[in-house]
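What follows is a short report on a single structure.
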Amino acid sequence: MFRLQGSKVLAVEMTGDAVKAKNGSMVAYDGQVAFKKLSGGGEGIRGMVTRRLTGEQMTVMEVKGHGTCWFADRASEINLVGLQGDKLYVESSNLLATDGGLRTGTTFTGLRGASQGNGLFTTTVEGHGQAAITSDGPAVVLRVSAQYPLTVDPGAYIAHQGDLRQSFQSGVTFRTLMGEGGGEAFQIRFEGDGLVYVQPSERNTIAGDV
């Protein structure tokens, strides 16, 4: 159902199934298509309550019908992720669309969210199907293995999937080492076996200087 038209536009062939997408991201459509705004963003009451408590906002619309819809988000690069029963963890601001075979929810991620001011939870996507995630610049997919753990700047982190353990390290940052200062006071460390998606441009965070 999902295909990229260029690197910044997602085309979705609608065949009667419902697709969830970031509210306001539809740029064009043809055929017979209906749109409905959804509250929350997680599945069921738990997802709605969790987002209300944590302040993580993800306004979602449901698109259903027959035809083609085109989606984009502020000229961001779009990356397709295929799921085969596994789970994708993604920053809510980077989740563009999910197809009808996927469920969305929330999960606790620890102190990173509090340091960024985005709440303590991140968005989960699981099931069988495709998800579209956005990045500021072309995303880089990095492999994590038992022999090669990975440390990521929180401003560059987009998403991860696989059997990964996530922890948070405080101390000297990448940019502090470069003499630039103003960097985050922590990094995210991944161990295990899986993939981590990062973007070449960092979002603003409020962790403060070291």
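The values are calculated or read from the model by the stated rules, or taken from the named source; none is laboratory data. The model shown is predicted, which means the values in this text are computed figures rather than measured ones. Side chains are part of the model used for accessible areas, which takes the heavy atoms of the whole protein and leaves out ligands, DNA and RNA. Shrake-Rupley method; radii C 1.70, N 1.55, O 1.52, S 1.80 Å.
A 1.4 Å probe over all protein chains sorts 170, 145 by accessible area into 170, 145, starting with the largest. Within the assembled protein chains, the solvent-accessible surface assigned to residue 103 is about 120 Å², based on a 1.4 Å probe. The residues 59, 124, sorted by heavy-atom accessible surface at 1.4 Å with ligands and nucleic acids left out, run 59, 124 from largest to smallest. Only protein heavy atoms count here; under a 1.4 Å probe, residue 1 has an accessible surface of about 80 Å². For residue 77, the accessible surface of its heavy atoms amounts to roughly 30 Å² (probe 1.4 Å, protein chains only, rounded to the nearest 10). Ordered from largest to smallest accessible area (heavy atoms of protein chains, 1.4 Å probe), the residues 148, 29, 89, 197 come out as 148, 29, 89, 197. Residue by residue, the stretch 153-160 carries 3J(HN,Hα) couplings of 5, x, x, 9, 5, 10, 6, 8 Hz when phi is fed to the Karplus relation 6.51 cos²θ - 1.76 cosθ + 1.60 (θ = phi - 60°); x denotes Gly or Pro. Couplings 3J(HN,Hα) of the stretch 20-33, computed from phi: 9, 9, 4, 4, x, 8, 6, 10, 6, 7, 10, x, 9, 10 Hz, in residue order, whole Hz [Karplus 6.51 cos²θ - 1.76 cosθ + 1.60, θ = phi - 60°; x for Gly and Pro].
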